[in-house]
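Novice: The structure follows.
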Amino acid sequence: MDTTTLVLIIVAGVLLLIAYWRGRDLPLAGLQLAGLTLWRNLPLLLVGFVIAGVAQVLIPTDLITEWLGAEAGIKGILIASFVGGIFPGAPYAAFPVIGALYKGGAGLGAVVSFVSAWALWSVTRLPVEMALVDPKAALIRYAITFIVPPVAGIIAQFAARLL
């Protein structure tokens, strides 16, 4: 078991104890809500893991390393930024794929730029944001955040070399 999992288990345990302290029925209610959330999102999780697994066996690691590896430099960061910006889906679908790319040889800079672009630029959300917020506000936000994913990737790539 890794440290992150252990910390999350401890946090969950502490929260269950706090819930019990506030009311004996609260931990069970919380666990029931967690179960419902899992049940609703299970198809997305399964599809995300299937896509990630199949991508790992279909995309050669040398290709991932060539295009997105640390040695790819700014080219890899820009490619990852672009792909992250057009990648559709919820975190349940995106993060298994991102994890597969990282395990397959993508550099830290490319992974950080992919995640940043996916979170900030998602072109699949742009029409909704324009319709529900305001086209001008959405376009200004996109323009302001345009530089963030590549810069975050460059910083991550530099930090990875130092650590």
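Novice: Just one of the numbered conditions (1) modelled with pLDDT under 90; (2) small (Gly, Ala, Ser); (3) part of a helix (DSSP H, G or I) is not true of Gly89; which one?
Specialist: (3)
Novice: If you don't mind, another one. Going residue by residue through the stretch 13-29, is there one that turns out to be of a type in the set (A, V, I, L, M, F, W, C), under 26 Å from Val97 (Cβ atoms) and open to solvent by less than 90 Å² (accessible area, probe 1.4 Å)? Break it down stepwise before answering.
Specialist: Step one: of the stretch 13-29, the residues of a type in the set (A, V, I, L, M, F, W, C) are 14-19, 21, 26, 28-29.
Checking which are under 26 Å from Val97 (Cβ atoms) leaves us with none.
No, the stretch 13-29 contains no residue that is of a type in the set (A, V, I, L, M, F, W, C), under 26 Å from Val97 (Cβ atoms) and open to solvent by less than 90 Å² (accessible area, probe 1.4 Å).
Novice: Conditions: (1) loosely packed, with under 13 Cβ neighbours inside 10 Å; (2) in contact (Cβ under 8 Å) with a residue 60 or more places away in the chain. Ala80 meets all but one. Number of the miss?
Specialist: The number of the failed condition is (1).
Novice: How many residues are open to solvent by less than 70 Å² (accessible area, probe 1.4 Å) and either among the aliphatic types (A, V, I, L, M) or closer than 13 Å to Ser81 by Cα (or both) when one looks only at the stretch 137-163?
Specialist: We begin by selecting, within the stretch 137-163, every residue open to solvent by less than 70 Å² (accessible area, probe 1.4 Å); these are 137-138, 142, 145, 148-153, 156-157, 159-160.
Narrowing further to those that are either among the aliphatic types (A, V, I, L, M) or closer than 13 Å to Ser81 by Cα (or both): 137-138, 145, 148-153, 156, 159-160.
Of the residues in that region, 12 qualify.
Novice: Of all residues in the stretch 67-86 being more than 18 Å from Gly105 (Cβ to Cβ) and out of contact with any helix residue (DSSP H, G or I) (no Cβ under 6 Å at 6 or more places or on another chain), which is modelled with the highest pLDDT?
Specialist: Going through the qualifying residues, I end up with Phe82.
Novice: Turning to a different aspect of this structure: Take the residues in the stretch 1-50 that are hydroxyl-bearing (Ser, Thr, Tyr) and modelled with pLDDT under 95, then tell me which one is nearest to Gly89 (Cα to Cα). Explain how you work it out, then say what you get.
Specialist: Here is the first cut: in the stretch 1-50, the residues hydroxyl-bearing (Ser, Thr, Tyr) are 3-5, 20, 37.
Those left that are additionally modelled with pLDDT under 95: 3-5, 37.
Details: Thr3: 28, Thr4: 25, Thr5: 25, Thr37: 17 Å.
Per the stated criteria, the residue is Thr37.
Novice: Just the residues that are more than 17 Å from Gly76 (Cβ to Cβ) and open to solvent by less than 20 Å² (accessible area, probe 1.4 Å), please, taken from the stretch 106-125. Explain how you work it out, then say what you get.
Specialist: Taking the stretch 106-125 as the starting set, the residues that turn out to be more than 17 Å from Gly76 (Cβ to Cβ) are 119-125.
Answer for the stretch 106-125, where residues must be more than 17 Å from Gly76 (Cβ to Cβ) and open to solvent by less than 20 Å² (accessible area, probe 1.4 Å): just Ser122.
Novice: Among what's in the stretch 114-136 and is part of a loop (DSSP other than H, G, I, E, B) and of a type in the set (A, V, I, L, M), pick the residue that is farthest from Phe95 (Cα to Cα). Outline the logic, then answer.
Specialist: In the first step, residues of the stretch 114-136 are kept if they are part of a loop (DSSP other than H, G, I, E, B); the result is 122-125, 133-134.
The next check asks that each one be of a type in the set (A, V, I, L, M); those that pass are 123, 133.
Details: Val123: 17, Val133: 27 Å.
That would be Val133.
The values are calculated or read from the model by the stated rules, or taken from the named source; none is laboratory data. Note that the coordinates shown come from a computational prediction; the quantities given were computed from them, not determined experimentally. Here Cβ is always computed from backbone atoms with ideal geometry, including for glycine, and neighbour counts include all displayed protein chains. Keep in mind that these areas ignore ligands, DNA and RNA; they rest on the heavy atoms of the full protein, side chains included. Shrake-Rupley method; radii C 1.70, N 1.55, O 1.52, S 1.80 Å.
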